[in-house]
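The values are calculated or read from the model by the stated rules, or taken from the named source; none is laboratory data. As the structure is a computational prediction, the values presented were derived from the model and not from experiment. Please note: Cβ atoms are built from the backbone with ideal geometry, for glycine as well, and neighbour counts cover all protein chains shown.
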Amino acid sequence: MMKDLHIQFRPVLFVGLALWLVGDAVILCFNHIPASDALNELLASQGITISVVLSLLLAAVVEEYVFRGWATKYKKAILWSLIFQTGCCFLVAGWIVGLVVGILSVCVLFALKHIRRKRLLLIISTSLSFALAHVSRFNVFTCSSLVFIVATFGFGLVMGYVASCYKWRYAALIHALFNLLVSILLAYGQFI
């Protein structure tokens, strides 16, 4: 069964890696990371220690549980995951993104009753919600934000693959390591 999941979701992994890496390369070429403004303010006010703790514990673990919690064995995990990600998008990215993710979540709940590839639908839909949750409220339609959405969607696909084929905890660990790398690079001004 597990080997079948690895084979079945391998295209998701490759597409996710391609979108993530190409998107990040484009962002670095433009030398502007859309989410970095808020992170720079956090670094300036709290310092790198608080920022690293927040990005490792709060962001990585909570985000992975909210967006990939459906991969657990609990019966109501899918419902709670979709509710939490809608709320997260509403609080973080604003009411428009929250509304879009809420509508997407309701559509996913109805589609899950009629579709065979439930995990694939969940990986794609939660990756889209994950990407939209990382959009700044005020810069939704700028070019760098759209590239950032594509890169974050790719990262979400990779994390969805890891959560589905392994466990969500491993996705949280990878996410935490990535956040640690980004926090250190931003703290030392490599890309800003």
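Being within 19 Å of R10 (Cα to Cα) and at pLDDT below 90 is the filter; apply it to region 167-180 and report the residue that is surrounded by the most Cβ atoms within 10 Å (Cβ to Cβ). This residue is W168.
Conditions (1) modelled with pLDDT under 90; (2) crowded, with 16+ Cβ neighbours inside 10 Å; (3) within 18 Å of W70 (Cβ to Cβ), marked per residue:
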| position | (1), (2), (3) |
| --- | --- |
| W95 | yes, no, no |
| A133 | yes, yes, yes |
| V140 | yes, yes, no |
| G154 | no, yes, no |
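One residue is enough: does region 130-150 have a residue meeting the conditions under 20 Å from L28 (Cα atoms), without any contact (Cβ under 8 Å) to a residue 12 or more places away in the chain and of a type in the set (F, W, Y)? Yes: one or more hits.
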